[in-house]
Amino acid sequence: MTPGQVAPDRGWWGSAPGAEVAAAGMLLIQLSLWIVTGTPGEDYGMGWGIGAVLFLPVVFVLTPLLLLAVGFLHAAVFTRPALALARRTGRPSAAAAWILASSAACALLFWSPRTPYLVNWAVIAGVAVPPLLVAHHAIRRNRPVKAVVTVTGVVSGVLGLVTLVGGFVVFGEGVLAAHRPPRLERAQYVGEWHGEDGGVVRLGEGGEVTVRGVPVARGFGPKAVCAGTGTWTWRDADPRWNRRAGVDMTVPGCEDWDRVWEVAGTEEHPELFQFFGDPDNGDMWLLRRTGAAAATHPHG
């Protein structure tokens, strides 16, 4: 097609063959990279429970459908308007101009102080290039739409699988790996720990503990809170019972007080937690360290 020559209308599917599948394939490859290079999240000892295992088939079914839906949205915003503009103006450069302009607008939606605007712009524009090239090549070669969609889908699936398998070989388990809780010495537990509901636990260097407003569960009845003083001891991990390291707090006078707290989080931002009831359906109480013992000693 020469500049200024208007190309014939090929219909909806023929106007950008394979664009949706190519965009979904790009997302699949990015998802594979995130899985193998990401950091596993804190699971608070629950791991892959029966609920997660039963949910896996749903994930395998919904993920391709979700990727394809996003692929349709991507093509509607980038590829199809770009090729339509090039077809109407007779200038292939109009497609590139549309990609750059629409990417610049979309980059504003994902802008944050941590990521420069130009980086967002470059990434969004770069992701839009493969679907545009696939559709442009199919139009120039006059390829049948079904053949383009089939070949693009197979190639995308193979590349996603290769990325996933190769990434596991190079990087390990990624986000699927078991989270490794921090290894804290006894002195690192000393300090003040705060709960999201306002509860406070103060662990002293001498083994004393002060508790204020920490929830206590009484069977199946209403929750109460504990306030009092007692003692605490450091406890190492016990693989036999799948129990993490942490602390045991003894607080006389607090009925139904559970003394076992396990460590979570990271060494920079440690947490203490415990469950009440079924870990899949019960409550979890979380404490985060906010101060050192020297600054929060009960005797000032």
field: Condition check for I99: of a type in the set (V, I, T) and modelled with pLDDT under 85
entry: no
- prompt: Out of curiosity, is S93 in the same structural domain as A24 (by TED's automatic domain parsing), surrounded by 15 or more Cβ atoms within 10 Å (Cβ to Cβ) and more than 25 Å from the chain's Cα centre (by Cα)?
  reply: no
statement: Going through segment 111-125 in order, the residues found to be closer than 22 Å to R87 by Cα and surrounded by fewer than 17 Cβ atoms within 10 Å (Cβ to Cβ) are none
statement: Taking segment 262-275 and keeping only residues that are surrounded by 19 or more Cβ atoms within 10 Å (Cβ to Cβ) and either acidic (D, E) or within 11 Å of V211 (Cβ to Cβ) (or both), one is left with E262, E271
message: Condition check: more than 14 Å from G160 (Cα to Cα), modelled with pLDDT of 60 or more and assigned by TED's automatic domain parsing to the domain that holds T163. Does V21 satisfy that?
response: no
task: Scan (1) in contact with a Phe, Trp or Tyr (Cβ under 6 Å, 6 or more places away or on another chain); (2) surrounded by 17 or more Cβ atoms within 10 Å (Cβ to Cβ) for the single condition G153 breaks and write down its number.
output: (1)
- prompt: Is it true that V123 is in a helix (DSSP H, G or I), under 23 Å from I29 (Cβ atoms) and more than 22 Å from the chain's Cα centre (by Cα)?
  reply: no
Hey, R87 among the basic types (K, R), part of a helix (DSSP H, G or I), modelled with pLDDT of 90 or more and surrounded by 14 or more Cβ atoms within 10 Å (Cβ to Cβ) or not: no
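The values are calculated or read from the model by the stated rules, or taken from the named source; none is laboratory data. Keep in mind the model is a prediction, meaning the values are calculated, not measured. Note that each Cβ is placed from the backbone with ideal geometry, even for glycine, and that neighbours are counted across all protein chains shown.
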